[in-house]
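Chemist: Handing you a structure now.
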2 protein chains.
Amino acid sequence: MGSRKTTKPSAGETYRKDVALFVAAGGDESVQRVMTAVHGLARRLNQWYDRQLADLDISAGEWAVMSQLARDVEARGLTPSVLADAANVAPSSMTHRLDRMVQRGLVERFTDPENRVRVRVMLTDTGWQLFKLAIQESDMLESDVLRALTVRERVKLAELLERAIGGLDALDR
Amino acid sequence: MGSRKTTKPSAGETYRKDVALFVAAGGDESVQRVMTAVHGLARRLNQWYDRQLADLDISAGEWAVMSQLARDVEARGLTPSVLADAANVAPSSMTHRLDRMVQRGLVERFTDPENRVRVRVMLTDTGWQLFKLAIQESDMLESDVLRALTVRERVKLAELLERAIGGLDALDR
DNA sequence: ATCATAGAGTTAGATTTCGAAGTATTCCAC
DNA sequence: GTGGAATACTTCGAAATCTAACTCTATGAT
């Protein structure tokens, strides 16, 4: 080993071929691509909503809660767990969101008289007004976030996402 | 208005038909569905990676950085901005991630001698070892997170996500 | 009746993220 | 070259999230 580089190989060189093997197997790569894209879209979607609703001082998370509650046609209120599930966040995160919204008078919390373990959440009058205002003033209808996709593609996208989630949930059990 | 309810209508009733209109227009609903699903998948993907890599004390975010750096075949190092972009996080978030990884000795930061504004990041020897270990020991190859989807579907999913992101980015300008 | 178990929600503490302001370096017009 | 914009990254403080532990109510077995 005379005239060649006698310096020890750079950190990467030693491991590179193992990694090459890993990459060649490709198992991770397609996942990684999806993962990156999913995070990116999640982030940007939030940003878009935030900007759209900034005037009214409503965050994307709060909007998710409000529009969920607005669709509670039976008007019996939704529980925090249902809301957390619908929004795909941990229950404790929903507690915090609701705290803030209660404080701002957008929603009200009351314990279910029929089962005192449960809490029910409803939009207040103020909450309804703000929701309506948001719909009217914030271009929530006209300006189309996902304009790059046709309706058919959106449905396809949602389906694929939901299937992937289902598969991941199944793994947990 | 005699024998009917004379109590003032409940908060919801007053606004419900406006909302019905909004929902009927449907503009928001398909977006909302995608949004929820995207968040859900992002969350669960992170959880899966976290659990998978918990033994080695690597977070999903750190894994993203490591596997990105591992693919830096030219071994010249990647800049924080490139990494942030690849991982779809804000630059400041990447700074923090790298801080921690440097502290743990997984990566090293050095200023690019050719352009002293730039910083270059590379895996250290330790970093490479840990990455290799993760591949070998953590089932990163065999256990397939997205098993619910065929390869073809994954590609489709990634495409749709990327198109949606592209559209959103275009909106910003 | 009573005690153990399970379920819903909250609290607590740590982590992660973000946006905005700040610092240092380079590029460019003149 | 000199002053001013532009670029790359970091620092700072605030906000949102997570997991794990805790409280309170309900259920069910004995």
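None of the figures in this text is laboratory data; all of them are computed from the coordinates on show. Computed from a predicted model, the values in this text were never measured in an experiment. Positions of Cβ are generated from backbone atoms using ideal geometry, with glycine treated the same way; all protein chains shown enter the neighbour counts.
Chemist: Taking a label point 7 Å from Cα toward Cβ, how far is B:R109 from its twins in the other copies, in nm, shortest first?
Modeler: 3.9
Chemist: Sticking with this structure for a sec: Once the Cα gyration tensor of the stretch B:28-142 is diagonalised, what are the square roots of 5 times its eigenvalues, in whole Å and ordered largest first, as equivalent ellipsoid semi-axes? Don't skip to the answer; put the middle values down first.
Modeler: Numbers: eigenvalues 146, 81, 25 Å².
The answer is 27, 20, 11 Å, longest axis first.
Chemist: Another question about this same structure. How far is B:E74 from the same spot in each other copy, in nm, shortest first, if each label point sits 7 Å from Cα toward Cβ?
Modeler: Sorted ascending, the copy-to-copy spacings read 6.1 nm.
Chemist: Report the net charge of residues surrounding B:E114, where surrounding means a beta-carbon distance below 12 angstrom and charges are Lys +1, Arg +1, Asp -1, Glu -1.
Modeler: Numbers: positive: B:R76, B:R116, B:R118, B:R120; negative: B:D112.
Charge balance in the 12 Å sphere: +3.
Chemist: Right, something else. Taking the rotation that carries B onto A, look along its axis and tell me which residue of B has the beta carbon nearest to it, distance in whole angstrom.
Modeler: Measuring from each Cβ to the axis, the minimum is at B:A42, 2.
Chemist: Let's see if you can work this out: charge +1 on each Lys and Arg Cβ, -1 on each Asp and Glu Cβ, no other charges. What is the dipole magnitude of the stretch A:43-160 about its Cα centre, in debye to the nearest 20? If you can, show how the numbers build up before the last one.
Modeler: Working: 17 positive and 18 negative charges, 69 e Å.
With Lys and Arg at +1 and Asp and Glu at -1, about 340 debye.
Chemist: Taking 8 Å as the Cα distance limit and 6 or more residues as the minimum spacing, I'd like the relative contact order of the stretch A:41-140 as a percentage. Don't skip to the answer; put the middle values down first.
Modeler: Values: 101 pairs, mean separation 26.8, N = 100.
Across the stretch A:41-140, relative contact order equals 27 percent.
Chemist: Kindly give the distances from B:T95 to its copy-mates, label point to label point, with each label point 7 Å from Cα along Cα→Cβ, as nm values to one decimal ordered shortest first.
Modeler: Result, one decimal in nm: 3.3.
Chemist: P(r) for the stretch B:71-117: what percent of alpha-carbon pairs falls in each 5 Å bin, starting at zero?
Modeler: 5, 20, 26, 29, 19, 1
Chemist: Net charge near B:V102, counting Lys/Arg +1 and Asp/Glu -1 over other residues with Cβ under 12 Å of its Cβ?
Modeler: Summing Lys and Arg as +1 and Asp and Glu as -1 gives +1.
Chemist: Another question, if that's okay. Each label point is 7 Å from the Cα along the Cα-to-Cβ direction; what then is the distance between the points at B:D57 and B:R152, in nm?
Modeler: 4.6
Chemist: Once Lys and Arg get +1 and Asp and Glu get -1 on their Cβ, which of B:L130, B:A90, B:S59 lies farthest toward the positive end of the dipole of the stretch B:28-142?
Modeler: Comparing the listed Cα positions along the dipole, B:A90 ranks first.
Chemist: Hey, if you put +1 on the Cβ of every Lys and Arg and -1 on every Asp and Glu Cβ in the stretch A:22-173, which of A:V34, A:V102, A:T79 ends up farthest toward the positive end of that dipole?
Modeler: Of the options given, the answer is A:V34.
Chemist: Using amide H atoms built 1.01 Å from N in the peptide plane, name the residues 5+ places from B:V107, or on other chains, whose amide H lies under 5 Å from its own.
Modeler: Amide H neighbours of B:V107, under 5 Å, 5+ apart: B:V102, B:T124.
Chemist: Whole-Hz Karplus ³J(HN,Hα) for the stretch A:62-69, in order, using 6.51 cos²θ - 1.76 cosθ + 1.60 and θ = phi - 60°, x for Gly and Pro?
Modeler: These are the phi-based 3J(HN,Hα) values: 5, 4, 4, 5, 4, 6, 5, 5 Hz.
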